[in-house]
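Report on the following structure.
The values are calculated or read from the model by the stated rules, or taken from the named source; none is laboratory data. Given the structure is predicted, the values throughout are model-derived calculations rather than measurements. We place every Cβ from the backbone using ideal geometry, glycine too, and count neighbours over all the protein chains shown. Just the protein is used for accessible areas: all its heavy atoms, side chains included, with ligands, DNA and RNA removed. Shrake-Rupley method; radii C 1.70, N 1.55, O 1.52, S 1.80 Å.
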Amino acid sequence: MIPLSGNLDSAKGKVSEKVGPVSITRGTSTLKRGFAHMLKNGVVMDVTTVEQALIAEEAGAVSVMVLDKLPSDVRKAGGVARTASIRVIEEIMDAVTIPVMAKCRIGHVYEAKVLAEANVDMIDESEVLTPADELRHIWKWDYTTPFVNGARSLAEALRRIEEGAAMIRTKGEPGTGNVAEAITHIKKVNDELRLIKSIYDSGDNQDLIRMAREFKVSYELVEQTAKLGRLPVVNFAAGGIATPADAAYLMSLGCDGIFVGSGIFKAEDAKERARAVVLATTFWEDADKVKEAQRMIDERQSMLGLDVKNLELKMQERGTA
Amino acid sequence: MSLNIGVLGLQGDVAENIVATRTAMGTLGLKGTVKQVKTPDEISALDGLIIPGGESTMMGQMSLVNGALKVIKEKIQSGMPVFGICAGLILLSKNAKDRVVGKMDQPLLNLLDVRVERNSFGRQKDSFEAEISADSIGVPKTKGVFIRAPSIEDMGTDVQVVSKFNEKVVAVKQGNILAVSFHPELTHDVSLHKHFVGMIKPKKK
């Protein structure tokens, strides 16, 4: 079990109030991280319209992420990528019953406030959009709405958790249809987790403190993570996932679930592909079922994809680590 | 006697329910296995099933695809105790509609004689923790963790109210079915899981 600890006493996002005669509390770590736990083993799909959101829900997505443009179109368009139109987000919230997420720019406190007011279920502080602050991320403890952040290493993941992220995802390289970077990132996180767990198991406190200094996070968080041998929040794969086999492979590497960006709605067989990716994520342990899922798609209709080496823009390098 | 309890493992907070059930069995001094189940074969062999929190639309569709939905329904009809949590409550119900979207066309088990309102308390920002009680099943006080929780709007005469939050029904029992709209598996209190395990095998005194 993943512990739901990690409360910050000064968190402004935690609100106590009376509803009728009863006292309730909103925005606690249990509620924010618990929300992410309900998404486990599921697929979150990037959508830009109500039609796409309905296709995603019908296919069995556990949530949709609303963008103005899919990541591969953000890449093509260039310029500044900002949060999606509030009206589109509202239309989608009125059309589907599954949770609705939206992205804000890294460090853009007021895009995040606007999304929280719009009542999205989770905010993705995302490198797919143009960073608004090159030095800092949002202090997420101030929000009642939970956040998800991207990470390429354990240090990055722990820094985001220390800032109040309720969920982590790999960064991968968004909008490429190329899963290589997501695989590299989750393997790096796993390797580093194994390292700190072995230090913890050996009882070498000094070396654990050394790791905390290297990671630039508190000793308590490193110790808690080392003891668990995994991130203390739900960890999804994201960035470049395009096929059922991509999703199943990342699940097998210990990811708790999958984000699919351009991979579905940039393919020509979006409807079938959405169902196939959900199927492969659900039954990733069963190679025969993953094969069946892979049969549902036509590789000639997959998005073309990009070689990461030749990219002009590496989204994963945006914002401070 | 050794109990074989499964947590429907298509999606959602499966691991948390496995831990809570194992803890509950430990405190009751009961032996058995608690594991994740996905396939009709695994479900056929169970003495009790937990349908955990997650997204009910996804669980309904995936259990329809692999034939699990049919087996779950037959097992519950033949008396197997089941504990539905949040999405599990929705899946067990005869009727579900969404507070904003309205009538849903989603696969349901159609067993628990209630009408469920999905997302009854609002979206995630409105999710809350509050103290609740379930006196009728011997739980005077527990922490209710409500995450985009449903509530029960209407119910048949065979359904017993187990807990309410302000006038909304949030836990019910109907024969071998226990269903709650909040998440006991996210707290340290395993009393509801203990009650469920007790439904499978009455406590020896």
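Out of the total accessible area of chain B (probe 1.4 Å, heavy atoms of protein only), what percent is carbon and sulfur? About 49 percent, which is the carbon plus sulfur part of the accessible surface. Interface of B with A. Using a 1.4 Å probe and counting protein heavy atoms only, the two chains hide about 3700 Å² of accessible surface, both sides summed.
Largest accessible area first, the residues B:Ser133, A:Ser72 order themselves as B:Ser133, A:Ser72 under a 1.4 Å probe with ligands, DNA and RNA left out. With the full set of protein chains in place, find how many percent of the accessible area of chain A is carbon and sulfur; take the probe as 1.4 Å. For chain A, the apolar C and S fraction of the accessible surface comes to 49 percent. If you wrap the Cα atoms of the stretch B:3-200 in a convex hull and average its projected area over all directions, you get 9.8 nm².
Using a cut-off of 29 Å between Cα atoms, the listed pairs A:Lys291/B:Lys194; A:Lys40/A:Lys103; A:Lys291/B:Lys35; A:Lys103/A:Lys227; A:Lys69/B:Lys125 include A:Lys291/B:Lys194; A:Lys103/A:Lys227 as exceeding that distance. Name the residues of the stretch A:83-105 whose amide N is less than 17 Å from a point 7 angstrom out from the Cα of A:Glu51 along the C-beta direction? Hits in the stretch A:83-105 for A:Glu51 at 17 Å: A:88-89, A:91-92, A:95-96. Shape of the stretch A:30-308 from its Cα gyration tensor (a ≥ b ≥ c, root eigenvalues): rounded if a/c is under 1.5, otherwise prolate when a/b > b/c, or oblate? Oblate is the answer for the stretch A:30-308, as a/c is 1.5 or above yet b/c matches or exceeds a/b. If you take the Cα centroid of the stretch A:210-259 and the Cα centroid of the stretch A:86-150, the two points sit 21 Å apart. Note that the protein assembly as shown presents 38 Å² accessible area per residue, ligands and nucleic acids not counted, probe 1.4 Å. What distance in nm separates the two pseudo spin-label positions at B:Arg115 and A:Val19, each 7 Å out from Cα along the beta-carbon direction? The two pseudo-label positions are separated by 2.1 nm. Burial annotation for the stretch B:117-144: residues with an accessible-area loss of at least 20 Å² between the isolated chain and the complete set of protein chains, computed on heavy atoms with a 1.4 Å probe, are B:Arg123, B:Gln124, B:Lys125, B:Asp126, B:Ser127, B:Phe128, B:Glu129.
By the equivalent-ellipsoid construction on the alpha carbon gyration tensor, the protein assembly as shown comes out with semi-axes of 35, 26, 23 Å, ordered largest to smallest.
What number does the stretch A:221-284 give for Rg over Rh if you use C-alpha atoms and the Kirkwood radius? Over the Cα atoms of the stretch A:221-284, Rg/Rh equals 1.11.
Bridges between two residues of the protein assembly as shown, per DSSP, are antiparallel at a rate of about 40%. Each residue of the stretch B:57-66 was assigned a 3J(HN,Hα) from its phi angle through the Karplus curve 6.51 cos²θ - 1.76 cosθ + 1.60 (θ = phi - 60°); the sequence is 5, 5, 4, x, 5, 5, 6, 6, 4, 9 Hz, with glycine and proline shown as x.
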